[in-house]
Each structure stands twice: as structure tokens, then as C-alpha cells.
Amino acid sequence: MNVLGIETSCDETAVALVEDGQKVLASLVYSQTDLHAKYGGVVPEAASRDHLRKLPLLVKEALAEAGLRWADLDLVGVTQGPGLIGPLLVGVSYAMGLAWAQGIPLVGVNHLAAHLFAHRLAYPDLPPPFLGLIVSGGHTLLVLVPRWGEYRVLGGTRDDAAGEALDKFGRLVGLGYPAGPKIDELARQGNPQAVPFPRPMMEAGLEMSFAGLKTAAVYWLRDHSGTPLPDLCASYLEAVVEILAEKAIRAARRFQLPGIVVVGGVAANSRLREVLPERARPRNLEVHFPPAELCTDNAAVTACCAFFRHKERAKDELLTLVADPNLALDGWS
Ligand code: KG4
Ligand code: ZN
């Protein structure tokens, strides 16, 4: 079954063709970062217009790359939410029109579930149960996944997402947007103990908070102008990584899960990839990080999620699918 995946929930137009939820035939990601850079954040209206311009071109490009024709498509899967309503509507409307014209089924995909499907696509032989840690620019969630299609949110951030905390810090020290990858690189040359940044809400069960950390950085920068940038980055990143590692391990142990699956853009972080497995090992917890290109926003995971939703749950939402900017993960199947 050839599945076309479409993801337009924020500022990336992503299109992929995946065979049987398993074999990636093409996966294209067009980032609007340059468009929004001059505003210092994503402008929803500009994002919608750019998705509209780029999406049809990318679909044609993906078909050519995979060597497929329109008639070879068997299913369309599209991000239904959560995300920005304008960008979501562009993806959903386009997907609906295409599926209708081709006479094939259409399945909606929860963007957060799609992030978790990076694990299913990368490691089909490592099924749930597991603790999912979704860490991106927009979300930071701890999710109990007893089986595919069942999700229970156990905790998460009360304010900023982990990626957002990194991006905001990056803006303070002049690293541009998105700052995560640059902080990752600079931190490798710095001392993580150089600045005593706090670890907010460390005792608070499975809840997290990153806004206080950013405020601490503002005051530190005001009072200590001479701190080398690599030391600042290493110390700030260390605080973020320690909070994520501690909470994920706590959640996995509390629910007696055998392992942790880390997805979302921040899962690409090299320090998180070191610290979390190091701390999980003595507790007999396995940690899995799918390859970075499946962790950041892409449509291969959208297509994979759609394929299994259609196959295992007989979903077809051609006439009923609606975009939902606040779509929850809890209870979505
Ligand atoms: O999942 P994603 O591509 O998009 C969202 O759905 O948000 O995640 C983007 C986030 C940004 O905050 C970016 O700074 C962060 O992931 N990020 C990283 C790294 N690569 C991307 N953060 C830390 N280290 C990285 N290597
Ligand atoms: Zn995402």
C-alpha cells in the first residue's frame, strides 16, 4: 500500500511516500525558517500562504522521486492537529481534495502520535509498552504507550516546551532561530558546571517547568557579562537535559515500563543522547532514539501512523476529517 503523508502543522511543509508503513520511498521537508526569521517567530498567516504555495510542488516532487504516478497512491494521511489552524487547514483541505479526486481513503493523524511513530518506523521489532518522551519546539510530554493506538499523557511542561526553552535562550545570547542545534554544538566545547542554573520543579512528580530557567539565564547574563558562550550553552543545556532525563526515568519506573522512547526535534540533541542512557542503564531501562531525520518534523512518520490507523482500525475520514488546533493525544487512537 502506497501512503502519501502530509504534514503542515507549523512551519515545515513535509511530504512523504511510504510503502506499507515501513519502507520510505521519498521524504521531503521544506522549512519556512527563512520566511519567519525576520519576525523572530512563526507568523501564522504567512505560514499558511507558504504551505499553499509549496505543498502541491512537493507532492509532485515526491512522486517523481519515488517513481510513482497519481494512480499508484492507495491512501492519504494528513496531520489533523495539534498545530496552527491556518497551516493545518491547508494540509487537510489539500489532502481531502486529492483523496476525493483519486477515489482513495483519507486518514487524519495526530502530530504528537506521529512523532511517536518515528519509533515504529525505525524499530518495527521493538513494540510497546514504553514511556514516550516527546520533546520538540512546541511540546514536552511524557506519554504512557501500552500498545500502538493507545496513549496516556502522564505529565509534561507547565509552560515552555524544552525546545522553546533552548530557542529562547539562544535568542538571548544571539544565536538566531532555531537555536537548539547551535547550542548542541557550542555546548560540546563548554563546561556544563560553569554556571549553576536551577532545575525548576525537580521534586514535582512528572510535571516540568522551563520558564524559570530562562529567567535565571536573563539575570545571569545581566550580572556576569564575561561568561564564555560555550560555558553558558553547556550549563543551560545540562539543566534542560537533567530535567528531561530525571522525569522520564521517574515516569518509566513509576509505571514499570521496560524502556523509554525519545522523539521530537530535541531528541536530536547529543547531550541528551549521552545523559539519558547513562542514567537509565543502572535502572535496567532501555532507551531508544530514532534517527534524527525521523525525530524532527517530517511526513514519513505521518504516513506510517496513517497506514496503521487505516489497517488496524479501519479508519477512513474522507468526508468527516476536520483540522483541530488543540487536538489532544489522550484518548486519540
Ligand atoms: O520536532 P521539531 O522539528 O518541530 C516541532 O514540532 O517543534 O522540533 C524543533 C525543536 C526546536 O526547538 C529546535 O531548537 C530543537 O527542536 N532542536 C534541537 C536540536 N535539533 C533541533 N534542540 C537541541 N539539540 C539539537 N540538536
Ligand atoms: Zn513536531
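Every read-out reported here was derived from the displayed coordinates using simple, explicitly stated rules and does not represent laboratory data. Model, not experiment: these values are computed from the prediction. Glycine also receives a Cβ, built like all others from the backbone with ideal geometry; neighbour counts cover every protein chain displayed.
Comparison of 59, 76, 29, 42 shows that the only residue that is under 20 Å from residue 311 (Cα atoms) and within 22 Å of the chain's Cα centre (by Cα) is 76. Of 156, 190, 137, 149, all but one fail to be within 23 Å of residue 209 (Cα to Cα), part of a loop (DSSP other than H, G, I, E, B) and not hydroxyl-bearing (Ser, Thr, Tyr); the exception is 137. What residue, among those in the range 117-139 that are within 9 Å of the chain's Cα centre (by Cα) and within 17 Å of residue 272 (Cβ to Cβ), is nearest to ligand 2 (Cβ to nearest atom)? Per the stated criteria, the residue is 136.
Restricting 147, 152 to residues that are away from ligand 2 (no atom under 16 Å from the Cβ), free of Cβ contacts under 8 Å to residues at least 60 places away in the same chain, among the basic types (Lys, Arg) and on the phi < 0 side of the Ramachandran plot narrows the list to 147. Among the residues in the range 86-94, are any of a type in the set (A, V, I, L, M, F, W, C), more than 16 Å from ligand 1 (Cβ to nearest atom) and farther than 21 Å from residue 11 by Cβ? So far as the range 86-94 goes, no, none of its residues is of a type in the set (A, V, I, L, M, F, W, C), more than 16 Å from ligand 1 (Cβ to nearest atom) and farther than 21 Å from residue 11 by Cβ. Considering (1) over 18 Å from the mean Cα position of the chain (by Cα); (2) surrounded by fewer than 18 Cβ atoms within 10 Å (Cβ to Cβ); (3) of a type in the set (Lys, Arg), the lone condition that residue 158 does not fulfil carries the number (1). Within the range 124-150, the set of residues being surrounded by fewer than 23 Cβ atoms within 10 Å (Cβ to Cβ) and under 14 Å from residue 255 (Cβ atoms) comprises 128, 129, 144, 145, 146, 147, 150. Pairing residues of the range 38-63 that are polar (S, T, N, Q) with residues that are crowded, with 17+ Cβ neighbours inside 10 Å and assigned to a loop (DSSP other than H, G, I, E, B), at Cβ distances under 9 Å and at least 6 apart in sequence or on separate chains, gives 48/8; 48/84.
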